[in-house]
Amino acid sequence: MAELIIMPKLGFNMSEGKLIKWYKRQGDAVRKGEPLFAIETDKTGIDIEATRDGIVLGQYIEEGDSVPVTSPIAIVGEKDENISSLEAEIISGKKEKQSNLDNNDTVSSGKQDVNSDGVGAFDYDIIVIGGGPGGYVAAIKGAQQGKKVALIEKKALGGTCLNVGCIPTKTLMKSAEMLKAVKESSEFGVKTEGLHSVSLDMEMVQRRKSGIVEQLVGGVQGLLRANGVTLLEGEAVLMDSHAVQVQGTTITGEFVILANGSKPKTLPIKIHDEARVLSSEEMLNLTEIPNTVAVIGGGVIGIEFAYFLASVGAKVTVIEFLDSILPMVDEEITRLVMKDLSDMGIEFHLSSQVIEIGKNDVTFQKQGDTEKVESDMVLMAVGRVAALDGLDCHKLGIETVRGAVKTDERLCTTLKNVYAIGDINGKSMLAHTASMEGIIAVENICGKASTMRYDRVPSAIYIQPEVASVGLTEKEAMEKYGQVKVGKFPLLANGKAKVEGDERGLIKVIVDAKYGEIVGVHMYAVHATDMISEATLAMNLESTAEEVAMSIHPHPTVSEAIHEAMHGAHDRMIHFLG
Ligand SMILES: Cc1cc2nc3c(=O)[nH]c(=O)nc-3n(C[C@H](O)[C@H](O)[C@H](O)COP(=O)(O)OP(=O)(O)OC[C@H]3O[C@@H](n4cnc5c(N)ncnc54)[C@H](O)[C@@H]3O)c2cc1C
């Protein structure tokens, strides 16, 4: 379908732009990414690129003309495509604007439909449902682009991530790390005479966690206010592509962004004592450590809790349906992680299906046998599912796929003007994915054709050492490319890891054999979650391992291990005979 190219809004204060040069003329062929025309604002000059392959079918602005943001500039489509309806829209838009100007109306930035009395056709340009890391980032981004934005939240700003997910779990993990550090401090020369036993004060751990959450949630509220986002409290119900009901009132928006998040899944099995089966959210509020815990599910959430509970003295058993824990992680790294977790005393039952949770045990089937494991408490960590409650997808014409809202690469749903970001679209249930999807949805709303690259979303697991990865595993890369080169550097050969007192782990870099382009990076190392961004950036820039190997890394740092693995993937490592 032909695409209308409009004057983009490049900054908060930009109201118009000047077209200074056409690179293509009507009838010319153009490729996606090729410059179409250049514009100039009072602050900057920029080339606007074609967002698709095609033919320039229409040009509506002359060189030297200045036009308001969102004004039509060109149409790109297929050869001989009928663009009469798009052109009619352009003409009627021009007429409407002229009549508004005749009435001395001021057209608010980003708002195209304005009535003659100066009141917008919609209450808001964008309504965002849900204030998690997807929704609040989208709202701030929208406001920064000059849009009038309302954000509706029914519970707590910050969503799962800030309140019952990423941040609270990481405060628990940090307490476990501190406990380990104190226990092992004599190895660092710390005199621990008189220190008979160390343990966590869970009440204090909980107070610290709540304090951090409170500060961050307050920070989000401040940012939304400072950016001029209207905050509405209550449960939002989408009525149609422009109307949202909240607290008995209907508000309208030109665009709606669904960012409702997700909720925990549970197993359809017999549970004898619901009180001792906790979700991750309930587990976060523990004030006493149980003696024995069965963790059902060996994904990221299950493994982080298993690590925490084992670190603070619980006997933990992980029961996983698949034949491996952490299925998204490179197999070689998973084997190392499982060995270290087993050394901590965590017991694993893989390829095991839980069939019943008794009063003090969990029954599962493993390779045809029925087995039981005793447990005071059970963590149900079998994944999460999109929160579609109250959203009548069928009636609204919103298609779903595997229980989540279906979106295209621009985050559009099948209902016009409605976008879905974050966990609700089920594509990659991570906070940073949700936030980036929020930015991409807003960019599309503002006329910039921007797409999400799910193959470059990093993931992180906060056990010690940390696990982080981006891109393909070695197995996936082999399946895709047939031939790959792999660079591997063990942390035991890294000076800083020795200084840190944890030289376990490995950095693994996978490149395609033909061009040397990095296609996957996997880390099991201290500080891995902070270091993975280097790999993500390199992959975003389509770098080769040689290019990263030729970038100087400071000494002594753990990041030198990445440097070495890049050397290994390209040629030979310097500090290891691999
Ligand atoms: C224990 C745990 C640990 C995690 N750790 C990490 C981690 O370390 N790193 C990471 O990247 N991800 C982590 N995640 C996942 C991460 O929390 C989610 O991917 C992220 O929060 C999704 O963001 P979102 O904006 O899509 O949804 P959410 O954060 O779930 O926010 C959705 C918001 O919408 C609101 N809402 C829903 N429906 C309505 C409605 N009808 N009207 C008004 N408001 C509504 C909800 O109240 C909620 O506040 C973790 C998750 C859990 C459970």
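Within the set Ser92, Ser109, the sole residue that is modelled with pLDDT under 50 and either assigned by TED's automatic domain parsing to the domain that holds Val418 or polar (S, T, N, Q) (or both) turns out to be Ser109. Apart from one condition, Val382 fits all of (1) of a type in the set (Val, Ile, Thr); (2) within 17 Å of Val316 (Cβ to Cβ); (3) more than 16 Å from the ligand (Cβ to nearest atom); the exception is (3).
Screening Ala513, Ala497, Ala535 for residues that are of a type in the set (A, V, I, L, M, F, W, C), in contact (Cβ under 8 Å) with a residue 12 or more places away in the chain and closer than 30 Å to Glu187 by Cα leaves exactly one candidate, Ala497. In region 216-243, the residues that are over 15 Å from Leu258 (Cα atoms) and in the same structural domain as Val137 (by TED's automatic domain parsing) form Cβ pairs under 6 Å with partners that are assigned to a loop (DSSP other than H, G, I, E, B) and within 13 Å of the ligand (Cβ to nearest atom), at six or more places apart or across chains, as follows: Val217/Leu157; Val217/Gly158; Val220/Leu157; Val220/Gly158; Gln221/Leu157. The residues of region 141-188 that are in contact with an Asp or Glu (Cβ under 8 Å, 6 or more places away or on another chain) and surrounded by fewer than 18 Cβ atoms within 10 Å (Cβ to Cβ) amount to a single one, Lys154. Test Leu216 against the stated conditions and say whether it is within 16 Å of the ligand (Cβ to nearest atom) and farther than 27 Å from Val418 by Cβ. For Leu216, the condition - within 16 Å of the ligand (Cβ to nearest atom) and farther than 27 Å from Val418 by Cβ - is met. Just one residue in the set Asp392, Asp408 is of a type in the set (D, E, K, R) and away from the ligand (no atom under 16 Å from the Cβ); that residue is Asp408. Restricting attention to region 150-170, does a residue exist that is more than 13 Å from the ligand (Cβ to nearest atom) and polar (S, T, N, Q)? No: zero hits.
Taken over region 544-578, the residue count meeting the criterion of being touching a residue at least 40 places away in the same chain (Cβ under 8 Å), outside any helix (DSSP H, G or I) and either in contact with a strand residue (DSSP E or B) (Cβ under 7 Å, 6 or more places away or on another chain) or of a type in the set (Phe, Trp, Tyr) (or both) is 4. Is it the case that region 374-393 has a residue that's modelled with pLDDT of 95 or more, among the basic types (Lys, Arg) and either over 16 Å from the mean Cα position of the chain (by Cα) or surrounded by 21 or more Cβ atoms within 10 Å (Cβ to Cβ) (or both)? The answer is no, given that none of the residues of region 374-393 is modelled with pLDDT of 95 or more, among the basic types (Lys, Arg) and either over 16 Å from the mean Cα position of the chain (by Cα) or surrounded by 21 or more Cβ atoms within 10 Å (Cβ to Cβ) (or both). Looking only at region 263-276, decide whether some residue is under 27 Å from Met204 (Cβ atoms), surrounded by fewer than 21 Cβ atoms within 10 Å (Cβ to Cβ) and either more than 16 Å from the ligand (Cβ to nearest atom) or small (Gly, Ala, Ser) (or both). There is at least one residue in region 263-276 that is under 27 Å from Met204 (Cβ atoms), surrounded by fewer than 21 Cβ atoms within 10 Å (Cβ to Cβ) and either more than 16 Å from the ligand (Cβ to nearest atom) or small (Gly, Ala, Ser) (or both). Against the list (1) crowded, with 16+ Cβ neighbours inside 10 Å; (2) at pLDDT below 90, the condition Thr44 fails is (1). All conditions in (1) surrounded by 15 or more Cβ atoms within 10 Å (Cβ to Cβ); (2) at pLDDT 90 or above; (3) over 26 Å from Lys141 (Cβ atoms) hold for Ile73, with the sole exception of (3). Of all residues in region 20-42, at least one satisfies being aliphatic (A, V, I, L, M), closer than 26 Å to Lys147 by Cβ and in contact with a Pro (Cβ under 9 Å, 6 or more places away or on another chain).
Whenever a residue of region 153-165 is touching a residue at least 24 places away in the same chain (Cβ under 8 Å), its partners that are more than 6 Å from the ligand (Cβ to nearest atom) and among the acidic types (Asp, Glu), lying with C-beta atoms within less than 6 angstrom and at least six residues away or across chains, give the pairs Val164/Glu281. Scanning region 282-290 for residues that are over 11 Å from Val378 (Cβ atoms), over 24 Å from the mean Cα position of the chain (by Cα) and within 16 Å of the ligand (Cβ to nearest atom) turns up at least one hit.
The values are calculated or read from the model by the stated rules, or taken from the named source; none is laboratory data. Bear in mind the structure is a predicted one, so any value in this text is a computation, not a measurement. Neighbour counts are summed over all protein chains in view; Cβ atoms, including those assigned to glycine, are modelled from backbone coordinates with ideal geometry.
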